[in-house]
Amino acid sequence: MTRGPVRLTGGLFHRETARRLAASPIPELSPLWGFWIAAGILSVVLGAWLLEGIEGPTEVLAHSIGVGTLTFLCLGIGVALWKDPGALVSPGVVMAGGCIYLFVLDMALLRRMEGFPIRVLFLSETLGALFVALAFLGWFAFRPKSSPLSALLRWADFSLEPRLYFWMALFAFGMEFAKRILLADGDISMVLEDLFLTRSGDNEGNKLRSGAVGDWRGLLYFTGIFFLMVPFCAARAWTPDLSVGKKVVLVVVVSLDVGTLLLEGVRGSLLQAIGLPLLIRFIERRGNLRRLLAGMVAGVIVLTPITDFMVSVRGVGWENVGDLEAPELEFGGSHRDDNLYWIANLVDSLERDKGLAAHAGPIGFLSAAGQIATFVAITFVPRVFWPGKPDPRELGDDTRSWWASRSIVGDLVGAGGLSGLIVGAFVFGLGVRWLLGPLYSMPKRDGAMLCYAYLLLVLQMEIRAVTTFQSGPVIFALLTITSGMLRIFLQRKRRLAFP
C-alpha cells in the first residue's frame, strides 16, 4: 500500500492536468459584462458632447472622454479578474487590455497631443471611445454556442511527453541559429556582430535581414516563430523527474534565447517569448492563479524600463549605448506605438479637407472591408512568388509614415470614414465573440492551448492595425498546420506501436 501523495511524473503530470480541465468547466464572463462597459463609455461620450454643444470643445472635455473610457475598461477588467483570475485569457479581457495599451491610455494621458487644434483632439478622443463602446456592444450582442475555429483547434490538438519538449526546445533554438549561420555563409562572427548593430535604416546589403520589402529569406520566417517558443517548450519539459543535467541545459538555452531577443531590441518578440508560457499556465488553470497574476504585474513593472531601453538601443546600436540615458520607470511615457497621435493627424487632415463626417460617405464601410480583405489575402503570398507584390513603404498616406500604425481606429476611419468605424467596430466585437468566445471554455490539450494563445496574440495585432500586411494570420496558420501534422504523426506512431 502506497502512503502519502502520489508523485506525478512527466507525461502523467500533463495528462492529469488535461483530465482535470475537462472535468472542470471554465466559467465564462457574463454577457452583461460587455454591455456595462459599453454603456458606461457611451454615457461619458454623450455627456461630453452635450457639454460641447453648450461650451464648445475644450481640452478638459476631450480629456474626460479618455479618462472615462480608461476607467470603465479598467473596472471591467478588475471585476472579471476579481471573480476569476483565469479570465485574464478570455477574449473580452484581452480585447479590453489591447485597447488600453494601444490607444486608450494615451487618450487618458493626452500623450503627444500638443499642437493639435482642440476640435481635432476632441474628435480623436471621441473616435477612440466610440470604437471601444461599439466593439463591446458587438461582443454583448452575440453569444454563440460554437466557433468556426473549434474543429480546427481539435484537429491541431496534441499532447506530448515532457522529454519530447526538451528536444523540441533544443531543435527550435538550433534551427534559428542554423538559419542565421547559413545566411552569413558560415561566418559565425557576422551572426554575433549583427546582434549589436542598429535596427534603423533599410538594411540594404545585410545578409541576415531582408529589409522592408522582403525577399526569398521570407520563406525562412517560420524559424523565428519557433525560436520564440523555446521558453514554452522548456517550461513544458521542466517536470519534477527531469534530470539535473537536462535542467541545466534548458536554463542555458532559454538564457541564450532571451538574451538574443534582448540584444535585437524587438520588444514584442521578447514579451511574446516570456509571456507564452505564462498564458499557457492561465489557459490550463494550473497553480495559484492569483499569485501568478500578482507576479505578472510585478514583472511588468520590472520589464517596462528594460523594454524602453531596448527600443532606444535598437535605434542607435549597442556601440552607441553609452550615449543613452539610464532607463527609468515611467508607465505613461514609456515607448510604445503613437497610435493616438497618428489618429489625430488623420482627423486633422480630414478636417482641413472636406471634414471627418464627409470622408468616404455613408457606405464607406464597404471600402474598409475591401481593403482589409485585400491585405489579408496578399499577405499569404511570399514576395519570391510575386515580385510585383505591393511595397509596404508605399502603402501609407500623407497623414503618417509607412512604418507607423494608427490602431484599428485610425485604419477604419481612414479606409471607411465614420461608417467604417461604426460598422467595423461592431463587427469586430461580434467577430471576437463568435470566433474566440467558445474556444475559451473549450477543453484543450497542449496543441489547442498553444493555438488559442496565438489567437489571442492575433487579436492584439488586429487592434494595432488592420490595413497593413497581416503577419498574425500567417503565424497562426503556420502554427496550426505544424500542430496538426504533429498530431497525425503521433497518432500513426501509436498505431504502429499498438496495432
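Some points to look at:
- With respect to being within 19 Å of Gly92 (Cα to Cα), of a type in the set (Gly, Ala, Ser), out of contact with any Cys (no Cβ under 9 Å at 6 or more places or on another chain) and in contact (Cβ under 8 Å) with a residue 40 or more places away in the chain, Ser441 fits the description.
- Check on Ile363, among the β-branched types (Val, Ile, Thr), modelled with pLDDT of 75 or more, closer than 29 Å to Phe140 by Cβ and crowded, with 16+ Cβ neighbours inside 10 Å: no
- The residue pairs whose first member lies in segment 232-252 and is over 22 Å from Tyr454 (Cβ atoms), whose second member is at pLDDT below 95 and of a type in the set (Val, Ile, Thr), and whose beta carbons are closer than 8 Å, counting only pairs six or more residues apart or on different chains, are Thr239/Thr9; Pro240/Thr9; Asp241/Thr9.
- Test result for Phe171, modelled with pLDDT of 90 or more and not acidic (Asp, Glu): yes
- Matching residues, segment 217-244, being modelled with pLDDT under 95 and not hydrophobic (A, V, I, L, M, F, W, C): Arg217, Gly218, Tyr221, Thr223, Gly224, Arg236, Thr239, Pro240, Asp241, Ser243
- Single unsatisfied condition, Gly138 versus (1) within 26 Å of Gly53 (Cα to Cα); (2) touching a residue at least 12 places away in the same chain (Cβ under 8 Å): (1)
- Helices (runs of 4 or more DSSP H) fully within segment 55-149 counting 3 or more residues that are at pLDDT 95 or above: 59-83, 91-99, 118-141
- In segment 23-54, the qualifying residues are those that are in a loop (DSSP other than H, G, I, E, B) and either at pLDDT 95 or above or hydrophobic (A, V, I, L, M, F, W, C) (or both), and the one that is nearest to Met107 (Cα to Cα) is Leu29.
- Test result for Ser312, open to solvent by less than 70 Å² (accessible area, probe 1.4 Å), under 20 Å from the mean Cα position of the chain (by Cα) and modelled with pLDDT under 90: no
- Helices (runs of 4 or more DSSP H) contained entirely in segment 224-300, each with at least 2 residues that are among the charged types (D, E, K, R): 244-264, 267-284
- Condition met for Val213 (in contact with a helix residue (DSSP H, G or I) (Cβ under 9 Å, 6 or more places away or on another chain) and at pLDDT 70 or above): no
- The residue that is modelled with the lowest pLDDT, counting only those in segment 250-261 that are among the aliphatic types (A, V, I, L, M) and surrounded by fewer than 17 Cβ atoms within 10 Å (Cβ to Cβ), is Val258.
- Candidate set: segment 104-120, residues that are within 26 Å of Ile77 (Cβ to Cβ) and of a type in the set (A, V, I, L, M, F, W, C); chosen: the one most open to solvent (accessible area, probe 1.4 Å): Leu109
- Selection of segment 70-103 for residues being within 18 Å of Met296 (Cα to Cα), of a type in the set (Phe, Trp, Tyr) and either surrounded by 18 or more Cβ atoms within 10 Å (Cβ to Cβ) or over 13 Å from the mean Cα position of the chain (by Cα) (or both) yields only Trp82.
The values are calculated or read from the model by the stated rules, or taken from the named source; none is laboratory data. All values derive from a computational prediction rather than experimental measurement. Counting neighbours? That spans all protein chains shown, and the Cβs are built from the backbone with ideal geometry, glycine included. Areas reflect the complete protein model, heavy atoms only, side chains present, ligands, DNA and RNA absent. Shrake-Rupley method; radii C 1.70, N 1.55, O 1.52, S 1.80 Å.
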